[in-house]
Structure formats: C-alpha cells, structure tokens
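The next block holds one structure in the form of structure tokens; read it before the comments.
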Amino acid sequence: MDAFTAGILQRIRNTESDLIRARESGDDYLVDVEQAELDDLRRLAAEYGVEVEVGASGA
C-alpha cells in the first residue's frame, strides 16, 4: 500500500469516528461538517481508485 492510499484511508477512518462522536453529542452542525468531509474524502479516494469500505457510521 502506498503512502497516499494509507493516508486517505486513515483520514476516512478518523473522519468516520469524528462523525459518530458528533452524532452522539447531538451537534447537528458538526455532523454536517464531518459528513461533508467524509463525502469529499470518499470522492477523492474513488477518483484515484482507492477501495473504501463503508465504516461503522454507515454514512
């Protein structure tokens, strides 16, 4: 696995965790921010052919 792939997968995992915490805390604004970040990271991964499994957030 190259550095780009490892880095983007780590960022996706971190953002999924942040999204879960935002949902649990009831912070709707932060949920929107984290979801947008996750969507952007997944789009970027797809553009470069990086396979991404849907995380526990289900988002």
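The values are calculated or read from the model by the stated rules, or taken from the named source; none is laboratory data. Fair warning: this is a prediction, and the values are worked out from it, not measured in the lab. Note that each Cβ is placed from the backbone with ideal geometry, even for glycine, and that neighbours are counted across all protein chains shown. Only protein heavy atoms, including side chains, enter the accessible area calculation; ligands, DNA and RNA are left aside. Shrake-Rupley method; radii C 1.70, N 1.55, O 1.52, S 1.80 Å.
Before moving on, here are some points about what is shown:
- Net charge of neighbours whose Cβ lies under 15 Å from the Cβ of residue 27, counting Lys and Arg as +1 and Asp and Glu as -1: -4
- Charging the Cβ of each Asp and Glu at -1 and of each Lys and Arg at +1, and nothing else, the dipole of the chain about its Cα centre rounds to 160 debye.
- Probe 1.4 Å, protein heavy atoms only - accessible area per residue of the chain in square angstrom: 68
- Largest to smallest in accessible area, the residues 16, 47, 53 fall in the order 53, 47, 16 (1.4 Å probe, all protein chains included).
- Kirkwood hydrodynamic radius computed over the chain comes to 11.6 Å, based on all pairs of distinct alpha carbons.
- Sulfur and carbon atoms: percent of accessible area, the chain [1.4 Å]: 50
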